[in-house]
1. How many of the residues making up the range 246-285 are surrounded by 14 or more Cβ atoms within 10 Å (Cβ to Cβ) and either touching a His at 6+ places or on another chain (Cβ under 9 Å) or free of Cβ contacts under 8 Å to residues at least 24 places away in the same chain (or both)?
2. Is at least one residue of the range 102-119 assigned by TED's automatic domain parsing to the domain that holds HIS251, of a type in the set (Gly, Ala, Ser) and part of a loop (DSSP other than H, G, I, E, B)?
3. If you check every pair at least six apart or on different chains, which have Cβ atoms under 8 Å apart with a residue in the range 154-173 that is free of Cβ contacts under 8 Å to residues at least 24 places away in the same chain first and a residue that is assigned to a strand (DSSP E or B) second?
4. Which pairs do you get when a residue that is closer than 12 Å to SER73 by Cα, found in the range 1-30, comes within reach of a residue that is among the charged types (D, E, K, R) and surrounded by 15 or more Cβ atoms within 10 Å (Cβ to Cβ), reach meaning Cβ atoms under 7 angstrom, with the pair 6+ apart or on two chains?
5. Do we have any residue at all in the range 218-241 that's charged (D, E, K, R) and in contact (Cβ under 8 Å) with a residue 60 or more places away in the chain?
6. Mind listing just one residue for me: the one in the range 150-170 that is touching a Pro at 6+ places or on another chain (Cβ under 9 Å) and either part of a loop (DSSP other than H, G, I, E, B) or at positive phi (or both) and, of those, surrounded by the fewest Cβ atoms within 10 Å (Cβ to Cβ)?
7. Does LEU147 fit the bill of being in a helix (DSSP H, G or I) and either touching a helix residue (DSSP H, G or I) at 6+ places or on another chain (Cβ under 7 Å) or within 20 Å of ALA287 (Cβ to Cβ) (or both)?
Amino acid sequence: MDLDLGQLRALAAVVDAGTLEAGARQLHITTSAVSQRLRALESATGRVLLVRSRPVRPTASGERVLQLARQVSLLVADASAALGAPGDDAEGAASARKARPPVLPLAVNADSLATWVLPALAHLAGTDAEVCLDLRREDQARTARLLRDGTVVGAITADAVAVPGCSVRPLGAMRYLAVAAPEVAQRWRSHPESAPVVVFDRDDELQDDWLAARAGAGERLDPPRHHVPASVDFSEAVRLGWGWALLPRVHAAADLSAGRLVLLDEAPVDVPLFWQQWKLRSPALDAVAAALLSAARTALVPPPTSP
C-alpha cells in the first residue's frame, strides 16, 4: 500500500477542522484539491475513511489511517527540525529559520489543565517554542478514547491499561475534597448527600461516585444538580453556595483556610492519573512526557505502592 504524505495531511486536516472547506483553508489549497487527495487515499487503502457528516468523522478504518497520518506528520516534523539545525552555510541557516515546531495534539482532563499542566509545559511552548500544543479537554475517564481513534498522540487518563500501540506510566493521583460553603453545610448538616450538587458537565461522575459510596443497599442518591463546565467558574459556584462538590485540593486549600469553604468529609478522594502516548520515538513527544512526569511528582499525590 503506497500512501502519499499530502493525502495523509489532507485526512488529518479535514478531521481536525470538521469540514473539507475548513481543512482546505488550513492547508492553503482548494477544496477540490482536498477532495481529490481524500479520494486518492481511499482508493489506495480500498476503504471508506470518512463519514461525510458535519462535522466529518473518521470511520473505523479512517481512525487507523488517521493515527498513521499523525505519526508520519510528527516524524516529518522531527526530521525537519533536526535537518534545520543551524549550520555553517547559508543554506543551513535558512533551513533553520524555516523549520516549524511539530504540532502535538494532547488530551488533558480539565482539572489537570487548570492546575499543573500549563506550568509544566511552559518551557516547551514559550518564546522559543520546541513544540506547538493542541490541547483537547476531556474527562480523564474518556481521554484514552482519543488515543484509540488517532485524535491525539498522548493523553492524561484514568486508564491504567495501555491503549494498543501506546505506553503507559503512572503520574500520581489528583486529590479531591468534598466541600461546600458554610451556609450550605449548615443547612444540610444532617443529610449532606441530599444537598444540591455542582457538577462540571454531564460526563463528570466524580460526585456521583462519592454519593454512591454513601448510599444504602439498593439506594440511588440523586440530589438537585447544577452544571458549570469551566474549572474557575465551577469552584466559584461552590464558594457562592450553589451546592457542594469535590474540588481539587489545590483549588480548595485557600478557601478552607479562610473559612469560605468547609469540609463535608475528612476523607479525600484520590483519582489516579496516567500518561499514555504512542510508542513512537519522537524527541518532541518525549520532551512533553518528561515535563509532565517531572511536574506530576510535586503537583499530584504519589501513586500507591504495590503490596
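The values are calculated or read from the model by the stated rules, or taken from the named source; none is laboratory data. On a predicted model such as this, the values are computed, not experimentally measured, just so you know. Because the Cβ atoms are built from the backbone with ideal geometry, glycine has one as well, and the counts that use them run over all protein chains shown.
1. Residues that pass the stated criteria total 0.
2. No, the range 102-119 contains no residue that is assigned by TED's automatic domain parsing to the domain that holds HIS251, of a type in the set (Gly, Ala, Ser) and part of a loop (DSSP other than H, G, I, E, B).
3. VAL161/VAL168
4. What qualifies is GLY6/ARG37; GLN7/ARG37; ALA10/ARG37; ALA12/ARG70.
5. Step one: of the range 218-241, the residues charged (D, E, K, R) are 219-220, 222, 225, 233, 236, 239.
Adding the requirement that they be in contact (Cβ under 8 Å) with a residue 60 or more places away in the chain leaves none.
No.
6. Of the residues in the range 150-170, the ones touching a Pro at 6+ places or on another chain (Cβ under 9 Å) are 150-154, 158, 160, 170.
Applying the additional criterion that residues be either part of a loop (DSSP other than H, G, I, E, B) or at positive phi (or both) yields 150-153, 158, 160.
Numbers: GLY150: 24, THR151: 24, VAL152: 26, VAL153: 28, ALA158: 17, ALA160: 14.
This residue is ALA160.
7. Numbers: in a helix (DSSP H, G or I): yes; either touching a helix residue (DSSP H, G or I) at 6+ places or on another chain (Cβ under 7 Å) or within 20 Å of ALA287 (Cβ to Cβ) (or both): yes.
Criteria met by LEU147.
So that you can scan it fast, the table gives a plain yes or no per residue for (1) of a type in the set (Asp, Glu); (2) closer than 24 Å to GLY259 by Cβ; (3) touching a Phe, Trp or Tyr at 6+ places or on another chain (Cβ under 7 Å):
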residue	(1), (2), (3)
ALA141	no, no, no
ALA144	no, no, no
VAL161	no, no, no
ALA180	no, yes, yes
VAL184	no, yes, yes
PRO192	no, yes, yes
VAL232	no, yes, no
